[in-house]
Amino acid sequence: MTITPAPSLPSSSSSSSSSTHDHITTTTTTTKENIKEKKQDGQAGHTQPPKTALHAFVRRHPWLVGWNHEDWWPCWIGLFLFALVSTAVRFNIPAAHFYPWTSNPFDALKSIGNLDLLILLPLQGLLVFLALWAVDAKDWNQFYKGFLVIESLSMLSKWLASQKNVKSASLGDSIWAILFGAMLRNAMAGAPLPDGRSKPLPAWLKVAQQTELYIAISLVLLCIDFNVLKPLAPRALFVSWIDTPSLFVLVALIGTTWLRIDLQTSMIMSGATFICGSSAAIALSSSLGAGNKSDLPIAIISVFTIPSIIALPYIAKAVGISAKVAGAWFGGCVDSTGAVIAAATIYGDSGNVAVETAAVVKMVQNVLIGPISVGVAAVWTQREERRMRALHNSLQDDALRTKSDFKPVPYRTLLWNRFPKFVLGFIVTAILFNTVVPTEDRPAVNSFSFMVGEWFSTMSFVSIGLGLQFHELRREARMLLKLTTLYALAQLVDIMSTFGLAYVAFEMF
């Protein structure tokens, strides 16, 4: 819930001007009349007719409203796809995989597993379309047009990222997706409007720009294998949980006090840097009710993760850091799971020890999304509740006090509304993965599920690019510079502290 502060009303005193008093009296009278009219309408049984057959159906079945909400649909889509993936693995259906190619792009599709895409891509569109239809999103019936564009740019991004030279430069599909989305956005916008704003996206493309939905689905599909975690879990916990919560809070406070970044954006930037990139950014944005404030931090992280992917493995090799310490270092301080695996692969030890250690440390760190999201939601909700109660107590007029906009909402209600529901989907997937999926199938299910989630992630990066307007970024150059500075500071602190913890955990014990 976004709280818009209302103008404070002056108390009745001899110093109040007559014009202000008249304005308040008029407003109060109007408000009382509106309340009276609404009450009379309710007593008369006047209700608005349902806009669509869906509204009529939901009105007849009010119990559906609980689960049929945009907060829950990432869970339903993610769990359905997880069940589908598990079934596909049981029937020995291979996961889609783009092979590296040099000069012939079609070499990327030589795997028979890529036939999955003929089913997966239309199914993605169908499931998201169903979600938008169910919640009656604006212009949902035009979604398929925008989806075709976003999915095509996602395919192009993955195709280009699989080229050998591009792949060796660590230019992943997230970079290309953001770039292609931004290029399309600015090409469609054309010249700025007279007031300096950009032309809005057409409705058919705007409805497909579902950044949070795509990333949330990919997070639900992120499987955590407890059997893989067990051997390294204590040391991985030491590396990824000791410093992350405290540094997250510290750097967020530095951002808001020293760099004068608003607290919500500063927390999103800090959390995305210290936890797991875009997934953490979206989770924190949901916990804070921060809307699209996560777009710019995600774009910055996607671009500036590249130097870490390339530099850290070569530094580790040059200094002579062991494979286990290097893997734990990459897993704790490189932002996203894909980037972590890429960095460990560049390190290239013979037994893949660095890759395995990095993956475990990153999995353990990913689990932090849940408790940190809940904690942030709880603290921020208390803050909002105090502000709402203060606003309510400051109102001098009884008519305004009775309006629902000014009534304080119970803390538990606020907390539940703010809590990112897809975290529950993430937890349920982990439980099902470790209890229902047979042990021998888990590596294949994990790989297949990760592949499906990565498609949704790439679509989210295209959506982020569609929100980046170059001339507005120039106007916001100051904020861009501040966020980049905060990211550089957070990343430097993260690299140093994680290396110390990784050395202690994997070299001294």
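Annotations for the structure displayed:
- The helices (runs of 4 or more DSSP H) falling completely within the range 276-374 that include 2 or more residues that are open to solvent by 40 Å² or more (accessible area, probe 1.4 Å) and of a type in the set (A, V, I, L, M, F, W, C) map to 295-319, 337-347, 353-367.
- Residue selected from the range 169-179 under the condition assigned to a helix (DSSP H, G or I) and open to solvent by 40 Å² or more (accessible area, probe 1.4 Å), by the criterion farthest from residue 341 (Cα to Cα): 179
- The range 476-499 residues that are modelled with pLDDT of 90 or more, paired with ones that are surrounded by fewer than 15 Cβ atoms within 10 Å (Cβ to Cβ) (beta carbon under 8 Å, 6 or more apart): 482/260
- Residue in the range 92-110 that is closer than 30 Å to residue 285 by Cα and either modelled with pLDDT of 90 or more or open to solvent by 30 Å² or more (accessible area, probe 1.4 Å) (or both) present: no
- Note on the range 434-468: among residues that are outside any helix (DSSP H, G or I) and touching a helix residue (DSSP H, G or I) at 6+ places or on another chain (Cβ under 6 Å), the one that is farthest from residue 82 (Cα to Cα) is 468.
- When 127, 132 are screened for being within 24 Å of residue 421 (Cβ to Cβ), open to solvent by less than 30 Å² (accessible area, probe 1.4 Å) and either among the basic types (Lys, Arg) or touching a residue at least 60 places away in the same chain (Cβ under 8 Å) (or both), only 132 passes.
- Pairs linking a residue in the range 313-332 that is among the charged types (D, E, K, R) to a residue that is open to solvent by 20 Å² or more (accessible area, probe 1.4 Å) and in a helix (DSSP H, G or I), with Cβ atoms under 6 Å and 6 or more positions apart or on different chains, are 324/353.
Matching residues to (1) surrounded by fewer than 15 Cβ atoms within 10 Å (Cβ to Cβ); (2) closer than 13 Å to residue 78 by Cα; (3) in contact with an Asp or Glu (Cβ under 9 Å, 6 or more places away or on another chain); (4) not hydroxyl-bearing (Ser, Thr, Tyr):
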{"position": "422", "(1), (2), (3), (4)": "no, yes, yes, yes"}
{"position": "449", "(1), (2), (3), (4)": "no, yes, no, no"}
{"position": "453", "(1), (2), (3), (4)": "no, yes, no, yes"}
{"position": "466", "(1), (2), (3), (4)": "no, no, no, yes"}
{"position": "477", "(1), (2), (3), (4)": "yes, no, no, yes"}
{"position": "484", "(1), (2), (3), (4)": "no, no, no, no"}
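- Test for residue 118: is it out of contact with any Lys or Arg (no Cβ under 6 Å at 6 or more places or on another chain) and open to solvent by less than 80 Å² (accessible area, probe 1.4 Å): no
- Looking only at residues of the range 486-509 that are of a type in the set (Gly, Ala, Ser) and open to solvent by less than 20 Å² (accessible area, probe 1.4 Å), we find that the one that is farthest from residue 186 (Cα to Cα) is 505.
- Flag for residue 88 being open to solvent by less than 30 Å² (accessible area, probe 1.4 Å), out of contact with any helix residue (DSSP H, G or I) (no Cβ under 6 Å at 6 or more places or on another chain), more than 23 Å from residue 421 (Cα to Cα) and modelled with pLDDT of 85 or more: yes
- Of all residues making up the range 227-245, the number that are closer than 24 Å to residue 377 by Cα and open to solvent by 70 Å² or more (accessible area, probe 1.4 Å): 3
The values are calculated or read from the model by the stated rules, or taken from the named source; none is laboratory data. Predicted model, so just to flag it, every value in this text is computed and none were measured. Glycine also receives a Cβ, built like all others from the backbone with ideal geometry; neighbour counts cover every protein chain displayed. What goes into the accessible areas is simple: the full protein's heavy atoms, side chains included, and nothing from ligands, DNA or RNA. Shrake-Rupley method; radii C 1.70, N 1.55, O 1.52, S 1.80 Å.
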